[in-house]
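First the structure, in the form of C-alpha cells, and then the observations on it.
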Amino acid sequence: MGVNWDIIKIMKIALVRPNSIIVSCPPPLGLGYLAGYLKKHRQDEIMLIDARRWRMRDKEVVGQVKEWGADLVGISVLSFEANEAVRLARLIKESMPGVILVLGGAYPSSIRERVLEEQTIDFGVVGEGEQSFLELISGLEQNRGLEGISGVSLRVNGEARFVGYREPIKEIDSLEVDWELIQPERYFSSRLRTSQSTLRRSRRMVSFLTSRGCPYGCYFCHNIFGRRFRARSVENVLKEIDYLVKRFQVEELEINDDTFNLNLERAKKILREIAKRNYKLWLSFPNGIRGDMVDEEFLDLLKSAGTYRVSYAVESANPARQQEMGKRLDLEKVRWAIEETYRRGMHTAGFFILGFPGESEEEMRRTLEFAFRSKLQTASFFHLKPFPGTLLGERYLKGEDRLERFYDYSTLDINLSSVSDERFREIRKSAYRRFYFSLFRIWSNFWLAPKNFRTLRSIYDAVLLSIKDSVNY
C-alpha cells in the first residue's frame, strides 16, 4: 500500500544527509536552516540523520527512519551524491511504502522535474528550500492543489512537472540554523575531516554563512541561492557567533559565502567586530574571496580577526575566458591580493579550471604560469565539466539522457578543449608536480608552518588530496 494522498497528517519529519564517497563531513548547514524554519512555523517532531558523519549503511538509515515512524523523509542531495541518494530512497520506500519522500539540494535543483523519473521520489524541492518545503507540507495536509507552489517538482495526473522558480527570501535575518538539532559536539569529536579544507586549526569548527547568492553567474556553476546577493545584517551575524562561542565553545568558523566581500564595507564591519569582541576565533574562507575586490584595510582586518587561510577562485588567467565564463576578474588585482595575503602570514589557496570549450594548450599554459609564479601555497587544477542545471550544461548537454555520467568527478568522459584526452591528463599531472615541488611551496608550506604535528599533517593532506585529484582523470 502506498501513500494515501486523500488523508495526510504530517507529525514526524526525518531530514537525512546520505552517506557518500565525500571525505569531509562538516555539520549539515542546509538541513539545519530547514529545521530552524520548520520549527518557527510548525510543531512537528524533527529527526536529523547524518549518515555521512556516522558512515552509516543504507539499511541502518532505513531502520532508524522506520523505527521512529517518520511521516515524511527529506533527503538533501549534492549532484555527485545522486546515485547514493536514489538507492537510499528506493530502500526507504520499499520498507515504508506509505512515507512521503522529498529530495532537495543541488541535484533536484539541477534537473528539476527529471528527478521524478525515479518513481520512489514523490517531490523535488528546487533552489532555496525553506519556503517551498514548508508550503509543500502545508498543502499536502490541507489536501489542496499543489500546482501553485513555486520551487517544487511534482506529478500532475502522472506527469512530472516543475512548477516554476521561487523568489529568494529577501530578509535572511529571519532564517536560523537549528544548532541544537545538529549538535556540533558530535562533529568536534569526529575522527573524520569535518571541514571543507584539510587545513584547519581547531576541531571545534563549524561552517558558517553570512550571505546568500552570487551575482556573477559563472556558466559552469549551479548557484542554488540565485544571483541576487542577500546579506545578513552585521548584528545578526555577530549574534549567531556569540551563541556558537558561548553555547558550544566554537573555536573556528569556516565561512562558506559565495561572495563574502561583495559588499566590502559590510565585510569589514563583521571582521572589525569579531576582532573587537576578542573571541579568539580562527577564520578560514575555503569557498574563496573575490580577489579583485580587496584592499589593504580588508586584508589587515582579515588578519586581526583571526583569519589563517584564504582561498582565491581564479579559474583562468585568460581575459577572454574570464569574459566568456561570466566571472570577469581583474587578474592583476587578484595577483596583488594573493601576494598581500601571503605577506601578512595567511595561508593562500587557489582554484583553477582547465578545459574550457575550445581551449588550447597555450591558453592552459598561461593559466598554469599564473599559478606557478604566484604566492599561492596550495592549488587545485580542475577539469571543466558541463553539469545539468548550469548554463554550460544547457549549451552542451542537449539530448543527453544518461544523467548519471555527470555525477562522477573522477572521469574525463567529456573534454570540451582542443587538447586530446591523453595530453590533457599529462598537462594536469605535470601542473601538480611543478606547483607542489617548487622550492617556494616546500619552504612556505612546511618550514613556515607552525611547528606542530596537526598543522604539518593538515598541509601534507591538502597537498596529497590535490595531487590525488589529478591522477584519477
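Tabulated data
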{"item": "Unmet criterion (only one of (1) in contact with a helix residue (DSSP H, G or I) (Cβ under 6 Å, 6 or more places away or on another chain); (2) of a type in the set (A, V, I, L, M); (3) farther than 22 Å from Glu128 by Cα) for Val237", "result": "(3)"}
{"item": "Unique match (being of a type in the set (A, V, I, L, M) and either outside the structural domain of Phe437 (by TED's automatic domain parsing) or without any contact (Cβ under 8 Å) to a residue 60 or more places away in the chain (or both)) among Leu397, Leu368, Leu354, Leu391", "result": "Leu397"}
{"item": "Of the criteria (1) in contact with a Lys or Arg (Cβ under 9 Å, 6 or more places away or on another chain); (2) modelled with pLDDT of 95 or more, which one Arg201 fails", "result": "(2)"}
{"item": "Residues of segment 173-221 classified as closer than 28 Å to Lys385 by Cα and touching a Pro at 6+ places or on another chain (Cβ under 8 Å), total", "result": "8"}
{"item": "Enumeration of residues in segment 64-91 that are under 15 Å from Lys12 (Cα atoms) and outside any loop (DSSP other than H, G, I, E, B)", "result": "Gln64, Val65, Lys66, Glu67, Trp68, Leu72, Val73, Gly74, Ile75"}
{"item": "Of the criteria (1) in contact with a Ser or Thr (Cβ under 6 Å, 6 or more places away or on another chain); (2) surrounded by fewer than 18 Cβ atoms within 10 Å (Cβ to Cβ), which one Ala349 fails", "result": "(2)"}
{"item": "Failed criterion for Pro97 (all others in (1) within 28 Å of Ile172 (Cβ to Cβ); (2) surrounded by fewer than 24 Cβ atoms within 10 Å (Cβ to Cβ) hold)", "result": "(1)"}
{"item": "Qualifying residue in segment 214-230 (condition: surrounded by fewer than 20 Cβ atoms within 10 Å (Cβ to Cβ), in a helix (DSSP H, G or I) and not aliphatic (A, V, I, L, M))", "result": "no"}
{"item": "Exclusive hit being at pLDDT 95 or above and part of a strand (DSSP E or B), set Phe351, Phe356, Phe382, Phe372", "result": "Phe351"}
{"item": "In segment 132-146, residue surrounded by the fewest Cβ atoms within 10 Å (Cβ to Cβ) [restricted to those that are within 20 Å of Arg212 (Cβ to Cβ) and without any contact (Cβ under 8 Å) to a residue 60 or more places away in the chain]", "result": "Glu135"}
{"item": "Qualifying residue in segment 181-190 (condition: in a strand (DSSP E or B) and modelled with pLDDT under 95)", "result": "no"}
{"item": "Qualifying residue in segment 89-108 (condition: under 26 Å from the mean Cα position of the chain (by Cα), farther than 26 Å from Ser20 by Cβ and not assigned by TED's automatic domain parsing to the domain that holds Arg232)", "result": "no"}
{"item": "Odd one out for Ala82, checked against (1) touching a helix residue (DSSP H, G or I) at 6+ places or on another chain (Cβ under 7 Å); (2) at pLDDT 95 or above; (3) buried (at least 21 other Cβ atoms within 10 Å of the Cβ)", "result": "(2)"}
{"item": "Output for segment 86-108, where each listed residue is touching a strand residue (DSSP E or B) at 6+ places or on another chain (Cβ under 8 Å) and modelled with pLDDT under 95", "result": "none"}
{"item": "Any hit, segment 101-121, residues being touching a residue at least 24 places away in the same chain (Cβ under 8 Å), crowded, with 19+ Cβ neighbours inside 10 Å, closer than 29 Å to Ile169 by Cα and of a type in the set (Asp, Glu)", "result": "no"}
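Rundown of residues vs (1) surrounded by 20 or more Cβ atoms within 10 Å (Cβ to Cβ); (2) assigned by TED's automatic domain parsing to the domain that holds Lys268; (3) within 18 Å of the chain's Cα centre (by Cα); (4) free of Cβ contacts under 8 Å to residues at least 12 places away in the same chain, yes/no style:
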residue	(1), (2), (3), (4)
Gly148	no, no, no, no
Gly151	yes, no, no, no
Val156	no, no, no, yes
Asp173	no, no, no, no
Val177	yes, no, yes, no
Ser190	no, no, no, no
Arg201	yes, yes, no, no
Arg212	yes, yes, yes, no
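The values are calculated or read from the model by the stated rules, or taken from the named source; none is laboratory data. Since we're looking at a predicted model, the values are computed, not measured. Cβ sites come from the backbone with ideal geometry, for glycine too, and all protein chains shown count toward neighbours.
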